Amino acid sequence: MPEVIMPRLDPGMQSGKIVEWLKREGDEVQKGQALLVVEGEKTTFEIEAPENGVLAKILVSVGSDVPVSQPVAIIGEPSQIRVNAPVVQPSPRPESMPAPKLEVPAASDRIRASPAARRLAREKGVDISRITGTGPGGRITQDDVVAVVQAPAGASSTEPTMQIIPQPSVLSKTKLTGIRRTVAERLGFSARTSVPVILTMEVDATQLTDLKSEGVKVGFSAFAVKAVGKALEKNPALNSTIEGEEITTYSDINVAVAINTDQGLVAPVIRNANEKSLEELENQVQALAGKAKENRLTVQELTGGTFTITNLGGYDVDLFAPVINPPQCAILGLGRITYKPFALGEKVTAKPSTIITLVFDHRIVDGVPAARFLQDIKRNLENVQSLT
């Protein structure tokens, strides 16, 4: 009996979350028909029936995280499946970290206080060991804590003066879900596993700005994609991914471009970027950005990247070190183009320049090959005729 398997859509995908079942047990299904909706590493997608038949058994419930290659359902006849087959229950989801609180040291277990009183004392920064309880047997109640909190600043007391530490007001609390959760998990994984090294170079942007003044309608990101694509042709080690103890170097050069959306950061992929013209790259960058804003990117557009570019120049950022997009080898950060002083002999003038930053995984590539790669990107951006 054929099983419906959780697919691996890209090398970095570890699991998928069941969002919705589109069919019920006992429903007839056709090969290629959508059975369920899954939230993967970068987007939601549908899993299709591998064969004609009946959805005999659903093995995982909505909300469950299922590792790749694990079965989620069985196609066959209901009579052929054990009725008591286990169903995976939803795994707990990570929640957003609460705002930090300054807590007093934990009180001794000999202090008699209600749970509500202990909780309120912690929230208000009150040392519960200094409160006299009015409850049965001297038990500290919530009202006792409230009385201490509301006591006038100058009120006399035999107890030492306690300082009430105000806590920051909370604007909102949001669970890590959807794209935001995926970004947190992937970049957290990158920070835990990669060995990042940062290299920066200044680029003379004179030719880039001259083309813009001449009316060439190609943005900096498109030029960067082309420059990176050509540099990866000469430096294939940077066009690699790592998984476990295996490094895979690709012949296809697929450049992902990071795009900010209301739902979070996504990085759609431009395939064979080295083979496309600047006009084609500009059109594709704009089209992908539009689809990203409208949450219409497909699985194919979000997977298969071998290198990533991210641009914060439009936000007046001069220099930054982005986090590697796992399992890729490296990522390039683009800063803004701005005029800076430039000395030529005894004369000082100003010219447009920008800073590009390469962050690479030292497990895959050493410093000198990475520096040569960044030099090639610099040369490509300074000589834009080589990109046409």
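Each value in this text was obtained by applying a stated rule to the coordinates, not by laboratory testing. What you are looking at is a predicted structure, and each value in this text was computed from that prediction instead of being measured. Glycine also receives a Cβ, built like all others from the backbone with ideal geometry; neighbour counts cover every protein chain displayed.
Relative to the dominant Cα principal axis of the chain, helix 220-234 is inclined by about 70°. Applying both filters, DSSP loop and at most 15 other Cβ atoms within 10 Å, to the GluC sites (Glu not before Pro) of segment 282-388 gives E294, E346.
Nearest 0.05, what FRET efficiency do T44 and E279 give at R0 = 35 Å with Cβ-Cβ as r? Here the calculated transfer efficiency is 0.65.
Taken along its three principal axes, the alpha carbon spread of the chain comes to 87, 81, 39 Å, from the longest extent down to the shortest.
Within the same chain, lysines fewer than 8 places from K212 are excluded, and of the rest, those with a Cα less than 21 Å from its Cα are K226, K276, K340, K351, K378. Take the Cβ atoms of E123 and Q14, set R0 to 30 Å, and the FRET efficiency comes out at 0.20.
Packing-based ranking of 208-217, 138-147 yields 138-147, 208-217, ordered from highest to lowest mean Cβ neighbour count within 10 Å.
Partner lysines whose Cα lies under 20 Å from the Cα of K23, excluding those fewer than 8 positions away in the same chain, are identified as K31, K57.
Mean residue ellipticity, 222 nm, helices only, the chain: the sum of -39500 (n - 2.57) across DSSP H runs of n ≥ 4, divided by residue count and rounded to 500, is -7500 deg cm²/dmol. With respect to the chain, whose longest principal axis is taken over its alpha-carbon atoms, helix 278-293 is tilted by about 20°.
Each peptide among 60-68, 313-321 gets the average number of other Cβ atoms lying within 10 Å of its residues, and from highest to lowest they stand as 60-68, 313-321. Each principal axis of segment 178-387 carries a Cα extent, and these read 54, 39, 30 Å when sorted largest first. The modelled label-to-label distance between V62 and S386, using points 7 Å beyond Cα along the C-beta direction, is 5.5 nm.
Note on segment 3-80: along the principal axes its Cα atoms extend 37, 21, 18 Å, ordered by decreasing extent. Just T357, T132, T182 to compare: in a GNM of the chain, with alpha carbon springs under 10 Å, which one fluctuates most? Evaluated over the chain, the most mobile residue of the options is T132. If the chain linking A321 and A371 were pulled fully straight, counting 0.36 nm for each residue of separation and taking away their Cα-Cα distance, it would gain 16.5 nm.
How high is the relative contact order of the chain, in percent, counting Cα pairs under 8 Å that sit 6 or more residues apart? Walk me through the numbers on the way to the answer.
Working: 752 pairs, mean separation 57.0, N = 388.
In percent, rounded to a whole number, it is 15.
Checking the cross-link filter: which lysines have an alpha carbon closer than 23 Å to that of K124, excluding same-chain neighbours under 8 positions apart? Answer for K124, where 23 Å is the Cα cut-off: K101, K173, listed by chain and number. Working note: Cα gyration tensor of segment 300-388, eigenvalues times five, square-rooted, sorted largest first, giving semi-axes of 28, 16, 14 Å.
Taking neighbour Cβ counts within 10 Å as the exposure measure, how do D262, D366, D376 sort from fewest upward?
Numbers: D262 8, D366 11, D376 19.
Starting with the residue having the fewest Cβ neighbours, the order is D262, D366, D376.
Under 5 Å from the amide H of D27 lie the amide H atoms of L55, each residue being 5 or more positions distant or on a separate chain, with H modelled from the backbone and absent for Pro and chain starts.
Relative to the dominant Cα principal axis of the chain, helix 367-382 is inclined by about 60°. In nm, to one decimal, how far is the I5 label point from the F189 one, both placed 7 Å along Cα→Cβ? Using points 7 Å along Cα→Cβ, the separation is 1.8 nm.
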